[in-house]
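Have a look at the structure that comes next, please.
The values are calculated or read from the model by the stated rules, or taken from the named source; none is laboratory data. Predicted, not measured: the structure shown is a model, and the values here were computed from it. All Cβ positions, even for glycine, are placed from backbone atoms using ideal geometry, and neighbour counts span all protein chains on display.
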Amino acid sequence: MDISNYIYLSAILFTIGAIGVVVRRNAIVVFMCIELMLNAANLAFVTFSRIHGNLAGQVTSFFTMVVAACEVVVGLAIIVAIYRSRRSASVDDASLLKR
Amino acid sequence: MTISTNLIYFIALPLFSSGLLLLLGRKADKWGHIFATLVSASVFVIGVIEFFAMQGREGEARAATQKLFEWISVGSLQVDAGLLLDQLSICFVLLISGVGTLIHIYSIAYMSHDRDRRRFFAYLNLFIAAMLLLVLGDSYLNLYVGWEGVGLASYLLIGFWNEKPAYATAAKKAFVANRVGDVGLSLAIMIAFTQFGTVTFAGVKEGASGASAGALTAIGAMLLLAAAGKSAQFPLQSWLGDAMAGPTPVSALIHAATMVTAGVYLITRSNFIFDASPTAQLMVVIVGAITLLFGALIGTAKDDIKKALAASTMSQIGYMILATGLGPIGYAFAIMHLVTHGFFKAGMFLGAGSVMHGMNDEVNMRRYGALRKVMPITAATFGLGYLAILGVPPFAGFYSKDKIIETAFDSGGIQGILLGSITLLGAGITAFYMTRVMVLTFTGTKRWDEKAHPHESPFIMWAPMAALAIGSVASGFLLNSGSALVNWLQPVVNENQEYHSEHLLPPIVVSIMALTVVAIGVAIAVLKYRTVPVVAPENVLGITKAARKDLYQDSFNEAVFMRPGQKLTAGLVNTDYKVVDGLVRLVGWVVQISASNLRNIQNGYVRSYALIMVLGVIALIAAVWMVTL
C-alpha cells in the first residue's frame with residue numbers, strides 16, 4: 001500500500017476537523033473537531049517519520065498527545081464552567097468580549 | 001544748540017496726569033478734571049517760559065535739545081530718545097498747550113453731566129502728551145511714537161461714547177485710515193535709514209543734500225501719505241467727517257490744535273526732503289489742491305453743523321498742505337495759517353458745542369435758526385471766527401490765507417495761475433458754506449424742535465470761546481506784523497533765505513480779488529438761504545447730492561477697498577476651510593471609515609475568528625507554495 005495514502009487521510013481528517021470547528025456551534029463538538037485536527041497532525045508526523053526513517057516525528061507526536069491531554073483538561077473545564085453559568089454550550093453565545 | 005533739561009516736562013506732566021487719572025479710577029472723579037486742566041495749563045506756562053528763553057538766545061543757540069536715554073542700539077542703527085525744541089516746535093507747543101488748555105476748561109462744563117468725565121480728561125491729557133512728543137521728537141522714530149500715540153488718543157476720544165455702535169465704528173474708521181498713513185511714515189523711516197543710516201532730523205537733513213532724486217521722492221511720497229492719513233487729506237480724508245462722533249471738545253482739539261496739524265508739521269519738518277525733490281513737492285501741491293476743493297464742496301451740503309465744520313477743516317488743511325508744497329517760502333505761511341486756523345476753528349467748534357449744549361444735542365442746522373438772540377456770546381465769538389476764516393481784514397485768516405493765495409500765484413507759470421485760481425475758488429466756496437452755517441444757525445426764523453429751550457452757555461464755556469475769538473481777531477495781525485513768524489521760522493524752514501522778489505500780481509490785487517470772491521460767496525449764501533426748509537430738499541443739483549454723500553468717498557472706499565478686501569478674506573477663509581482643513585479632515589475621515597469597517601471583523605464569534613485563521617493559514621501556505629514552486 002502506498003504510504004502517501006496516510007498523508008491523504010491525514011489531510012482529509014484535518015479538513016473535516018477544520019470545517020467542523022468553523023461550522024458547528026456546540027462547544028463539545030468544536031472541541032472534538034480540534035482533537036481530530038491534532039490527531040490528523042499526529043498521523044502526518046508519524047507518516048513522515050516513517051518515510052524519512054527519522055524518529056523525531058514520532059517523538060513529536062507524543063508531545064502533541066501530552067499537550068492535547070492537557071488541553072482537553074483545561075478546555076473541558078472551561079466548557080463546563082461556561083455551561084454552568086450560561087446554560088448553553090454554544091460558542092456563539094460566548095461572545096461577551098465583543099462589547 | 002542749547003542743551004536743556006526741561007523739555008521732558010512737556011511730555012512727562014500730561015502723561016503722568018493721564019496715567020494717574022486712569023489708574024485711580026473713580027477715586028479721582030471729584031478732582032480729575034481740575035487736575036488735568038491744571039497740568040495742561042502748566043505745560044502751557046512752561047511753553048511760554050521756554051519761548052521767552054528762546055527769544056533771549058540768538059542764532060544757532062535758539063534750538064534746544066535734550067537727550068533722554070539711549071533707546072535703540074543695534075549695529076549701525078543708533079537711536080537716542082531725544083527731544084528738540086526749535087523755532088518750529090515752539091509754535092506747535094504753544095498752540096497745542098494753549099488751545100488745549102482752553103478746550104480743557106471748556107470741557108469741564110461741557111462734560112459735567114457725563115459720568116466718565118475723569119476718563120475723558122485723562123484721554124485729553126494723553127492726547128496732549130502724544131502730540132507734544134510728536135512735535136518735540138528729534139528723530140523720525142521719536143516722532144513716530146508720538147504719531148502713534150496721537151492715533152491711539154484720537155481713537156479713544158472719538159469713540160468716547162462707544163456704547164453707541166456707530167460711534168465705535170467711527171473711531172475704528174479713523175484708526176484704520178490713520179494706520180494706512182502710518183504705513184507711509186514707517187516706510188519713509190525705513191527708506192531714510194537705508195539711504196542715510198540715521199533717522200534723526202539733523203542726520204537726514206545732512207544726508208538729503210547728497211541723496212539720489214529717486215530716494216528723496218520716495219521718502220517724500222511716503223511722508224505725504226503719512227501726512228494725508230493724519231491730516232485727513234485726499235485720498236485718506238474720509239475718517240474726518242465721522243470723527244465728529246466724539247464729544248465736541250474733542251472735535252475742537254482734533255481740528256485745531258492736534259492730530260490734523262501733524263501732517264503739516266511733518267512736511268514742514270521734512271522741508272529739506274521736499275525742497276530737494278520737486279516731484280514730491282508737486283505731489284504735495286496736488287494733494288493739497290484737491291483736498292482744498294474737496295473739503296469745501298462737501299462743506300456746502302452738510303446739514304450737520306459739526307460735519308460742515310469738519311469739511312471746512314479738511315479744506316483749510318488743504319490750504320496748508322498746498323502751501324508746504326510751494327517751497328521754502330510756503331512753509332512759514334502754512335504754519336501761520338495753521339496757528340490762525342487753530343484759533344478760529346477751535347473757537348467755532350466750541351461755539352458749535354455751545355449751540356448743541358443749548359439745543360439738546362441737536363446737530364441739524366435746519367432745526368436751528370435765530371439763535372443769536374438767545375445765545376449772544378456764542379453768536380459773537382462764532383461770528384468773529386467766521387470773519388477770520390473768510391479772510392476779512394483785519395481778522396486772522398486774512399493775513400494767513402491771503403499769503404497762501406499770493407504764494408500760490410507766485411509759484412510761477414501755468415502752475416501758479418492754476419493754483420492761485422484754485423485757492424481763490426476755495427476761498428469763495430469757503431465764504432459760501434461758512435455763511436450758510438452762520439445764516440442757518442444764528443439768523444433767520446426759529447425752526448427749533450418743540451422740546452428745545454436754547455440758552456446761553458455758562459461762563460466757563462464761553463470764556464475759552466472768547467479767548468479763542470480774541471486769537472481769531474488778533475493772531476493774524478500779530479504774526480504778520482514785520483513778517484514776525486516768517487523771520488522766526490526762517491532758520492528752520494528757509495535757510496537759504498529765498499523770497500520771491502517779483503510778484504505775478506501785486507499783493508493788493510490778490511487781496512481785492514480774494515475779497516471779491518468772498519463777497520460773492522457770502523452774497524449767494526445769504527440770498528439762497530433767506531428761507532430754510534426744515535427737511536433738506538430732495539430735488540437738488542447732482543453735485544449737492546454728491547457732496548451730501550462726501551463726494552462718494554465712502555462709497556468709493558467701500559467699492560474699491562472694502563468689498564474686494566472682504567471678498568478676498570472671505571475667499572481665503574473659504575480656501576482655508578475647504579482646502580487646508582479639507583485635507584486634514586480627509587485624513588481623519590479615511591482613518592475613521594476604514595476603522596469602522598475593520599471593526600466589523602471583530603464580531604466576537606469564535607468560529608469566525610477560526611475561519612479567518614484557517615483562511616490565513618491557507619493563504620500563507622499558498623504563498624509559500626507559490627514561492628517555492
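Confirm whether residue A:48 is surrounded by fewer than 15 Cβ atoms within 10 Å (Cβ to Cβ) and of a type outside the set (Ser, Thr, Tyr). I'd like the intermediate steps shown before the answer.
Working: surrounded by fewer than 15 Cβ atoms within 10 Å (Cβ to Cβ): no; of a type outside the set (Ser, Thr, Tyr): yes.
Answer is no for this residue.
Within the range B:268-276, is even one residue closer than 23 Å to residue B:363 by Cβ, over 17 Å from the mean Cα position of the chain (by Cα) and small (Gly, Ala, Ser)?
no
Return a yes/no flag: does the range B:229-249 have any residue that is among the aliphatic types (A, V, I, L, M), under 20 Å from residue B:186 (Cβ atoms) and touching a residue at least 12 places away in the same chain (Cβ under 8 Å).
Residues of the range B:229-249 that are among the aliphatic types (A, V, I, L, M), as a first pass: B:232, B:236, B:240, B:243-245.
Then drop every residue that is not under 20 Å from residue B:186 (Cβ atoms), which leaves B:232, B:236.
Among the residues that remain, those that are also touching a residue at least 12 places away in the same chain (Cβ under 8 Å) are: B:232, B:236.
Scanning the range B:229-249 turns up at least one residue that is among the aliphatic types (A, V, I, L, M), under 20 Å from residue B:186 (Cβ atoms) and touching a residue at least 12 places away in the same chain (Cβ under 8 Å).
Select, from B:204, B:199, the only residue that is over 27 Å from residue B:551 (Cβ atoms) and in contact with a strand residue (DSSP E or B) (Cβ under 6 Å, 6 or more places away or on another chain).
Being over 27 Å from residue B:551 (Cβ atoms) and in contact with a strand residue (DSSP E or B) (Cβ under 6 Å, 6 or more places away or on another chain) holds for just one of B:204, B:199, which is B:199.
Right, here's the next one. Tell me which of these residue A:92 doesn't satisfy, since it passes every other one: (1) without any contact (Cβ under 8 Å) to a residue 60 or more places away in the chain; (2) of a type in the set (D, E, K, R); (3) outside any helix (DSSP H, G or I).
All conditions are met except number (1).
For every residue, the table says whether it meets (1) within 21 Å of residue B:135 (Cβ to Cβ); (2) without any contact (Cβ under 8 Å) to a residue 40 or more places away in the chain; (3) assigned to a helix (DSSP H, G or I).
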site	(1), (2), (3)
B:36	yes, no, yes
B:45	yes, yes, yes
B:82	yes, no, no
B:97	yes, no, yes
B:100	yes, no, yes
B:103	yes, no, yes
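Output the residues belonging to the range B:379-407 that are farther than 19 Å from residue B:423 by Cα and part of a helix (DSSP H, G or I). Write out each step before concluding.
Here is the first cut: in the range B:379-407, the residues farther than 19 Å from residue B:423 by Cα are B:379-385, B:394.
Scanning the range B:379-407 gives B:379, B:380, B:381, B:382, B:383, B:384, B:385.
Something else: Would you confirm, using the coordinates I've provided, whether residue A:29 is under 22 Å from residue A:10 (Cα atoms), within 12 Å of chain B (Cβ to nearest Cβ) and surrounded by 14 or more Cβ atoms within 10 Å (Cβ to Cβ)?
Yes, satisfied.
Give the residues of the range A:40-99 that are under 30 Å from residue B:600 (Cβ atoms), more than 14 Å from chain B (Cβ to nearest Cβ) and of a type in the set (Gly, Ala, Ser), sorted by residue number.
Once the filter is applied, which keeps residues that are under 30 Å from residue B:600 (Cβ atoms), more than 14 Å from chain B (Cβ to nearest Cβ) and of a type in the set (Gly, Ala, Ser), the range A:40-99 yields A:81, A:85.
Sticking with this one: Among B:122, B:129, B:174, B:188, which is the only one that is assigned to a helix (DSSP H, G or I), free of Cβ contacts under 8 Å to residues at least 60 places away in the same chain and buried (at least 23 other Cβ atoms within 10 Å of the Cβ)?
Being assigned to a helix (DSSP H, G or I), free of Cβ contacts under 8 Å to residues at least 60 places away in the same chain and buried (at least 23 other Cβ atoms within 10 Å of the Cβ) holds for just one of B:122, B:129, B:174, B:188, which is B:188.
So the check is Cβ under 6 Å with 6+ separation or different chains; which pairs have a first residue in the range A:11-23 that's facing chain B (nearest Cβ under 8 Å) and in contact (Cβ under 8 Å) with a residue 12 or more places away in the chain and a second one that's of a type in the set (A, V, I, L, M) and surrounded by 14 or more Cβ atoms within 10 Å (Cβ to Cβ)?
A:18/B:614; A:21/A:30; A:21/B:610
What's the number of the condition residue B:108 fails, among (1) in a helix (DSSP H, G or I); (2) more than 21 Å from residue B:349 (Cβ to Cβ)?
The failed condition is (2).
Check A:15, A:60, A:47, A:64 and return the single one that is part of a helix (DSSP H, G or I), over 15 Å from residue B:606 (Cβ atoms) and more than 17 Å from the chain's Cα centre (by Cα). Explain how you work it out, then say what you get.
On the way: A:15 fails: more than 17 Å from the chain's Cα centre (by Cα); A:60 fails: more than 17 Å from the chain's Cα centre (by Cα); A:64 fails: more than 17 Å from the chain's Cα centre (by Cα).
Checking each option against the conditions leaves just A:47.
Residues checked against (1) surrounded by 19 or more Cβ atoms within 10 Å (Cβ to Cβ); (2) charged (D, E, K, R):
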position	(1), (2)
B:345	yes, yes
B:349	yes, no
B:352	yes, no
B:357	yes, no
B:361	no, yes
B:368	yes, no
B:372	no, yes
B:382	yes, no
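May I ask you to list the residues in the range B:200-237 that are assigned to a loop (DSSP other than H, G, I, E, B) and crowded, with 24+ Cβ neighbours inside 10 Å?
B:231, B:232, B:233, B:236, B:237, listed by residue number.
Can you confirm whether residue B:536 is in a helix (DSSP H, G or I) and of a type in the set (A, V, I, L, M)?
no
Can you tell me how many residues within the range B:17-34 are of a type in the set (Phe, Trp, Tyr) and either closer than 21 Å to residue B:92 by Cβ or touching a helix residue (DSSP H, G or I) at 6+ places or on another chain (Cβ under 6 Å) (or both)?
Number of matching residues: 0.
Just checking, how many residues over the range B:85-96 are within 19 Å of the chain's Cα centre (by Cα) and either of a type in the set (S, T, N, Q) or surrounded by 24 or more Cβ atoms within 10 Å (Cβ to Cβ) (or both)?
6
Something else now. Of everything in the range B:366-391, what is among the aromatic types (Phe, Trp, Tyr) and modelled with pLDDT of 85 or more? Give them in sequence order.
Once the filter is applied, which keeps residues that are among the aromatic types (Phe, Trp, Tyr) and modelled with pLDDT of 85 or more, the range B:366-391 yields B:382, B:386.
Considering only residues of the range B:539-550 that are of a type in the set (A, V, I, L, M, F, W, C) and in a helix (DSSP H, G or I), which is farthest from residue B:241 (Cα to Cα)? It would help to see each step written out before you state the result.
The first filter runs over the range B:539-550 and keeps only residues of a type in the set (A, V, I, L, M, F, W, C), leaving B:540-541, B:543, B:546-547.
Pick out the ones that are also in a helix (DSSP H, G or I) and you get B:543, B:546-547.
Working: B:543: 18, B:546: 15, B:547: 12 Å.
Filtering first and then ranking leaves B:543.
Got at least one residue in the range B:591-610 being in a helix (DSSP H, G or I), farther than 30 Å from residue A:91 by Cβ, more than 14 Å from every other protein chain (Cβ to nearest Cβ) and of a type in the set (A, V, I, L, M, F, W, C)?
Yes: the range B:591-610 contains one or more residues that are in a helix (DSSP H, G or I), farther than 30 Å from residue A:91 by Cβ, more than 14 Å from every other protein chain (Cβ to nearest Cβ) and of a type in the set (A, V, I, L, M, F, W, C).
To keep it simple, each residue is scored yes or no on (1) of a type in the set (Gly, Ala, Ser); (2) surrounded by 21 or more Cβ atoms within 10 Å (Cβ to Cβ); (3) modelled with pLDDT of 85 or more.
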position	(1), (2), (3)
B:14	no, yes, yes
B:23	no, no, yes
B:37	no, yes, yes
B:58	no, no, no
B:77	no, no, no
B:98	yes, yes, yes
B:102	no, yes, yes
B:114	no, no, no
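Taking residue B:394 and the conditions (1) modelled with pLDDT under 85; (2) crowded, with 21+ Cβ neighbours inside 10 Å; (3) out of contact with any Leu (no Cβ under 8 Å at 6 or more places or on another chain), which numbered condition does it fall short on, given that it satisfies the others?
Going through (1) modelled with pLDDT under 85; (2) crowded, with 21+ Cβ neighbours inside 10 Å; (3) out of contact with any Leu (no Cβ under 8 Å at 6 or more places or on another chain) one by one, residue B:394 breaks only (2).
Could we say that residue B:560 is in a helix (DSSP H, G or I) and closer than 30 Å to residue B:243 by Cβ here?
So residue B:560 fits the description; yes.
Return the residue satisfying two criteria in turn: it lies in the range B:47-72 and is acidic (Asp, Glu) and part of a helix (DSSP H, G or I), and of such residues it is farthest from residue B:92 (Cα to Cα).
Selected residue: B:60.
Go through the residues of the range A:2-9 one by one and say whether even a single one is surrounded by fewer than 16 Cβ atoms within 10 Å (Cβ to Cβ), within 14 Å of another protein chain (Cβ to nearest Cβ) and modelled with pLDDT under 90.
no
Next question, about the same structure. Which residue out of B:429, B:460 is in the same structural domain as residue B:350 (by TED's automatic domain parsing), under 21 Å from residue B:309 (Cα atoms) and touching a helix residue (DSSP H, G or I) at 6+ places or on another chain (Cβ under 6 Å)?
Sole residue among the options that is in the same structural domain as residue B:350 (by TED's automatic domain parsing), under 21 Å from residue B:309 (Cα atoms) and touching a helix residue (DSSP H, G or I) at 6+ places or on another chain (Cβ under 6 Å): B:429.
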